[in-house]
Amino acid sequence: MEPVKVGGVIVSNVSLHNEDEIQRKDIRVGDRVVIQRAGDVIPQVVRVNQNARSRYSEKFVFPTKCPSCGNETQRSEGEAARKCVAGLVCDAQAIERLRHFVSKNAMDIDGLGQRTIDLFIEKEFIKSLPDLFKITSENILSLEGFADKSTKKLLESIKSSLKTDLYRFIYALGIKEIGLE
């Protein structure tokens, strides 16, 4: 969407992941919408400006195939989002699972951010979670932007993550409906 000022804040994104809400509000591709900040924080679509709608507007069709791996998508009973059914076979899901695994609330591997994870996967140093613990200094040093000191620090962070609390490890596994607090 085009950025707009709402309640003193510039809003440039509004999440529309809920299929039921999109259908209930009849939101279509190219629509002009009225937005507000729910609870003075989260931008939400209030309604569609029907007067500004093109007579050629098309209803949004949710994808039946995952844009990453091409497998089927499915919407489970009682859930808002449509998801790829491929699990970790889907590269996008595998990457997000790895990002979650190393995050601060999970295994807390300092220095292993999105860019580095993407490089590790691109170079095929990591194909599954256990591969993370097999990364070598040679692997890391072969990447642009890493020197001896940063490599040593990252390897120490990976190694120290093996001595984590049980609750962090369980959370890191990304089991559905298992979270912190």
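The values are calculated or read from the model by the stated rules, or taken from the named source; none is laboratory data. Everything numeric in this text was worked out from a predicted model, so none of it was measured. So basically every Cβ, Gly included, is an ideal-geometry build from the backbone, and we count neighbours across all protein chains shown. Note: accessible area is taken over every heavy atom of the protein model, side chains too, but ligands, DNA and RNA are not part of it. Shrake-Rupley method; radii C 1.70, N 1.55, O 1.52, S 1.80 Å.
Ordering N105, Y171, M1 by Cα displacement along the dipole of the chain toward the positive end leaves M1 in first place; charges were set at the Cβ atoms of Lys, Arg (+1) and Asp, Glu (-1).
With a ≥ b ≥ c the root eigenvalues of the C-alpha gyration tensor of the range 67-128, is it rounded (a/c under 1.5), prolate (a/b larger than b/c) or oblate? In terms of gyration-tensor shape, oblate.
Residue-wise HN-Hα couplings along the range 62-76, as the Karplus relation 6.51 cos²θ - 1.76 cosθ + 1.60 with θ = phi - 60° gives them from phi, are 6, x, 9, 10, 5, x, 8, 10, x, 6, 5, 9, 8, 10, 6 Hz; Gly and Pro carry x.
Computed with a 1.4 Å probe on the full set of protein chains, the accessible area for I178 sits at about 80 Å².
In this structure, the amide hydrogen of V6, modeled 1.01 Å from its nitrogen in the peptide plane, lies closer than 5 angstrom to those of V11, counting only residues at least 5 positions away or on a different chain.
Pull out a ≥ b ≥ c, the square roots of the eigenvalues of the alpha-carbon gyration tensor of the range 5-110, then state rounded if a/c is under 1.5, prolate if not and a/b is larger than b/c, and oblate in the remaining case. In terms of gyration-tensor shape, oblate.
Our compactness index for the chain, the C-alpha radius of gyration over the empirical 2.2 N^0.38 Å, is 1.34. Taking the chain as the reference, fit the longest principal axis to its C-alpha atoms, fit the long axis of helix 148-160 to the helix C-alpha atoms, and give the angle between the two in degrees, 0 to 90, nearest 10. Around 80 degrees separate the two axes. FRET efficiency for the F133 to I178 pair, using the beta carbon distance and R₀ = 25 Å, is estimated at 0.70. Taking 0.36 nm per residue of separation and subtracting the Cα-Cα distance, full extension of the segment from V4 to Y56 would add 16.2 nm. Between A86, V61, V34, the Cα set farthest toward the positive side of the dipole of the range 32-156 (charges on each charged residue's Cβ, about the Cα centre) is that of V34. The distance from the alpha carbon centre of the range 101-121 to that of the range 7-85 is 30 Å, rounded to a whole number.
Projecting the Cα atoms of I95, I117, G145 onto the charge dipole of the range 83-148, computed from C-beta unit charges around the Cα centre, puts I95 farthest toward the positive end.
Charge dipole of the chain (Cα centre as origin; +1 on each Lys and Arg Cβ, -1 on each Asp and Glu Cβ, all else neutral): 400 debye, rounded to the nearest 20. Straight Cα distances below 23 angstrom link K5 to the lysines K25, with same-chain residues fewer than 8 positions distant left out.
Helix 91-102 and the long axis of the chain differ in direction by around 60°, with both axes built from C-alpha atoms.
Carbon-plus-sulfur accessible fraction, the chain (probe radius 1.4 Å, protein heavy atoms only): 50%. Backbone phi angles across the range 32-46, fed through the Karplus curve with coefficients 6.51, -1.76 and 1.60 (θ = phi - 60°), yield HN-Hα couplings of 9, 10, 9, 10, 9, 9, 5, x, 6, 9, 7, x, 9, 7, 8 Hz in residue order; Gly and Pro are listed as x.
Under 5 Å from the amide H of I126 lie the amide H atoms of I121, each residue being 5 or more positions distant or on a separate chain, with H modelled from the backbone and absent for Pro and chain starts.
Protein heavy-atom accessible surface, 1.4 Å probe, per residue over the chain: 70 Å². For the chain, adding -39500 (n - 2.57) for each run of n ≥ 4 DSSP H residues and dividing by the number of residues yields -8000 deg cm²/dmol at 222 nm.
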